[in-house]
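Quick notes on the structure that follows.
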Amino acid sequence: MQKFIIEGGKRLSGELKLQGSKNSSLPIMAAAMLAQGESVLKNCPKLTDVYSASRILNVLGCKCSVSDTVVINSEGISGTEIPESLMREMRSSIMFMGAMLGRLGECTVSIPGGCELGPRPIDMHINALKKLGAEVSDEGGRINCRLRGGRAKGTRITLPFPSVGATENIILCAVTAEGETIINNAAREPEICDLCGFLRSCGAEIHGDGCGSIIIQGREKLHGCEYTVMPDRIAGATYLSMTAAAGGEIILKNTCTAEMEPFLSVLEQTGCGIYAAPDTIYLRSGRRLKAVRDRIRTMPHPGFPTDAQAVLMAALVTADGTSVFEENIFDCRYRHTAALVKMGADIEILGKVAVVRGVKTLHGAEAEATDLRGGAAMAAAALSAEGVSVISNISHIDRGYEKFEEAVRTLGGNIQRV
Ligand code: EPZ
């Protein structure tokens, strides 16, 4: 099992080009299966989750290669079943359910893996696919879905909560359905718009993405295209929080600044100097950060993103004053706090609230990454701490950050993978 050894206490400084978005790339890779012929995806990050998606496509008979671009040719698609071992590698494996139904009319999957953030059911996905005409049966954990008549029928679906994954699965199934589908209370995350952007380039007719209601006119066939995946707003939030925590300055290039606004508007309250252009963000962190006065409530987009909660907390543990987080998306997304406390942070968890009383300094410690963003938060805290930290279980970090240690080193951070 690999580890990161991090020697902290040094200011960071440098320029980074932000990676492409993981949470866009994965549903877009699933969507490529709906397009006849070849799709070429630019700006896909090289991550373990992207390789897992590629393995799923290949198992299903598509040809997928990952190098500078991701090239997917769906001509040979034949399989309708994803082995349990591949389903377990990541949460996004569930995106293939909607895509397989949309292309083949049937599929067999199982409960997906991914970060353990509390219960992550797929009831909204299943209920929505049933409304689109799928017959679903569960045989010992294997979920079989088959569309009546082989093709989905457009319908109106109102989600009880704007789930990102359920919205994506509905879109993937509905773009080739017969007739019109309307998704009410749809997720508005930028990655949903990116998925729709890709599908539109393939010939799909989708309106309203980014708003609460998405309207889809089903098309019989889609075609391949060339598409550039959006930048990763959460990796961006991570490198900005890291520099804010350690002190120093960063020029972040290739950003999606408008989509990062819900995060940036909170980070700004810490007193960092932030200058933002549409595709570049400059941050300077000089003095000790200020605590954030208003409660930081994670909410569906355009609220504060749950994925940035842990990394921002890593910066606020040494801020002057008390910051309060409220995690409203996942039941169990404070698992990183034990490691931060081990480094000297003062954090009290009260149900879905975390009270962070800023301390003057952190010290190095041994910690185990608990999940993707929690692991990145530990690394950010370790870079601001005095002394050496050892972070194990870093396969979590590798699932979401392309060449993490190279990026940290570009900023002058002292990090080694052993
Ligand atoms: C996506 O997860 C992201 N993952 C997550 O990023 C992100 O934290 C989350 O959206 C919220 O923004 C990917 O895009 C691959 P949800 P997803 O469905 O789709 C409940 C990261 O660090 N729910 O919006 O799984 C669910 O339990 C990851 O990159 C149901 O109850 O999120 C959760 O409490 C982690 N039933 C809430 O809704 C369902 O059928 C939000 O989940 C579906 C979801």
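Please treat every number below as a calculation from the coordinates, not as lab data. Just so it is clear, the model here is predicted, and its values are computed rather than measured. Here Cβ is always computed from backbone atoms with ideal geometry, including for glycine, and neighbour counts include all displayed protein chains.
Charge dipole of the stretch 132-286 (Cα centre as origin; +1 on each Lys and Arg Cβ, -1 on each Asp and Glu Cβ, all else neutral): 340 debye, rounded to the nearest 20. With Cα atoms defining each centre, the stretch 106-125 and the stretch 303-363 are spaced 27 Å apart in the structure. Computed about the Cα centre, the dipole magnitude for the chain is approximately 400 debye when only Lys and Arg (+1) and Asp and Glu (-1) carry charge, each at its Cβ.
Overall, the anisotropy analysis places the stretch 108-176 in the oblate class: the square-rooted eigenvalues a ≥ b ≥ c of its C-alpha gyration tensor yield a/c not less than 1.5, with a/b not exceeding b/c. Close amide H pairs (under 5 Å, H built 1.01 Å from N) link Asn414 with Glu7, residues at least 5 positions away or on another chain.
Just going by the charge dipole of the chain, with Lys and Arg at +1 and Asp and Glu at -1 on Cβ, which of Gly149, Ala246, His301 is farthest out on the positive end? The residue sitting most towards the positive pole is Ala246. Of the trypsin sites (Lys or Arg not before Pro) found in the stretch 257-290, those in coil by DSSP whose Cβ has at most 16 other Cβ atoms within 10 Å are Arg287, Arg288.
Just checking the listed ones, Pro305, Pro190, Pro278: in the Gaussian network model of the chain with Cα springs under 10 Å, the one fluctuating most is Pro278.
Once you list every other residue whose beta carbon is under 14 Å from the beta carbon of Arg373, what net charge do they have if Lys and Arg are +1 and Asp and Glu are -1? Taking every Cβ under 14 Å from that of Arg373, the sum is -1. Along the axis of the charge dipole computed for the stretch 22-228 (Cβ charges of +1 for Lys and Arg, -1 for Asp and Glu, origin at the Cα centre), the listed residues Ser213, Gly98, Gly114 are led at the positive end by Ser213. Report the Rg/Rh value for the chain, based on alpha-carbon coordinates and the Kirkwood definition of Rh. Looking at the chain, the ratio lands at 0.98. When the P(r) of the stretch 227-379 is calculated, the portion above 23 Å amounts to 30% of the C-alpha pairs. Across the options Thr181, Gln19, Ile281, the greatest Cα extent toward the positive end of the charge dipole of the chain (unit charges at beta carbon of Lys, Arg, Asp, Glu) belongs to Ile281.
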